[in-house]
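FYI, it's all coordinate maths here, none of it is from the lab. As the structure is a prediction and not an experimental result, all values here were calculated from the model. All Cβ positions, even for glycine, are placed from backbone atoms using ideal geometry, and neighbour counts span all protein chains on display.
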Amino acid sequence: MTAQTPSAQNSGQDSALSAVAWEQRYQSGTPLWDLGQPAPAFASLLAAEPAPQAGSAIVLGAGRGHDALLFAQQGFAVTAVDFAPSAIQALEAQAQALPIQLLQRDIFELVPEFAGQFDYAIEHTCFCAIDPSLRPGYVALVAELLIPGGELLAVFFTHSRSGGPPFGTTPAEVRQRFEPHFEIVTLEPVANSVSSRRGEEHFGRLRKR
Ligand SMILES: C[S@@+](CC[C@H](N)C(=O)[O-])C[C@H]1O[C@@H](n2cnc3c(N)ncnc32)[C@H](O)[C@@H]1O
């Protein structure tokens with residue numbers, strides 16, 4: 001598999017999608033995207049029988065870390081990545097004794113340092129937060145971070161409004177972008193989204209080929 005992730009210099013992010021802009025959103029008050037709880041789709045996944053076996057997991061664009069905390073509480077060795085310092089600080093305050101490694105870092109700068117280190121990658125409103133032109137690089141990044149057979153566990157924001165962030169996607173786009181590198185194990189509408197996202201989320205379980 002050839003995987004080309006964009007470097008920080010040529011990532012194509014416009015200024016509204018920069019670390020500074022995201023940090024300002026955190027500092028200006030309650031971020032609209034922050035559910036104040038883990039994604040219900042992840043809570044259901046981990047409560048199901050059988051649940052995914054605990055392992056190493058990287059949470060991309062972790063924000064204040066509600067999903068990272070959930071996975072850590074379930075025994076996963078979590079690495080939470082976000083380039084906004086306020087997000088990382090908020091998670092640090094919550095994490096306490098849980099096994100969470102915190103990284104204030106651009107996700108597109110994780111490789112080669114973290115290549116092939118994770119059983120799971122966790123995606124929730126990061127794919128919709130980056131410039132859509134970076135989506136091929138995001139797919140390549142996730143493929144590079146995972147071990148062979150590793151899984152992307154994702155809640156995709158499948159809304160159809162124009163513009164962003166959040167930039168919407170479709171199940172067809174997810175299949176088209178990920179299938180060259182991943183087996184699509186599951187890609188289905190989320191039944192228990194929070195009310196503001198009802199009918200606009202798909203849960204995906206994608207296994208690296
Ligand atoms: C919409 S928020 C979602 C946060 C969290 N996943 C949640 O659901 O609450 C997107 C997050 O991704 C982070 N982010 C966006 N682009 C990033 C990048 N290139 N590298 C690291 N973090 C990034 C932002 O700082 C922000 O915290």
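Summary table below
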{"item": "Relative contact order of the range 1-145, pairs being alpha-carbon contacts under 8 Å that are 6 or more residues apart, as %", "result": "31"}
{"item": "Order by protection proxy (mean Cβ within 10 Å, highest first), peptides 195-207, 161-173", "result": "195-207, 161-173"}
{"item": "Candidates per GluC sites (Glu not before Pro) in the range 49-132, loop by DSSP, up to 12 other Cβ within 10 Å", "result": "GLU113"}
{"item": "The chain, dipole about Cα centre (Lys/Arg Cβ +1, Asp/Glu Cβ -1), debye to the nearest 20", "result": "280"}
{"item": "Directionally averaged projected area (convex hull, Cα atoms, the chain), nm²", "result": "10.7"}
{"item": "Diffusion constant of the range 101-182 at 25 °C, which comes from Stokes-Einstein with the Kirkwood Cα-pair radius and 0.890 mPa s, µm²/s", "result": "184"}
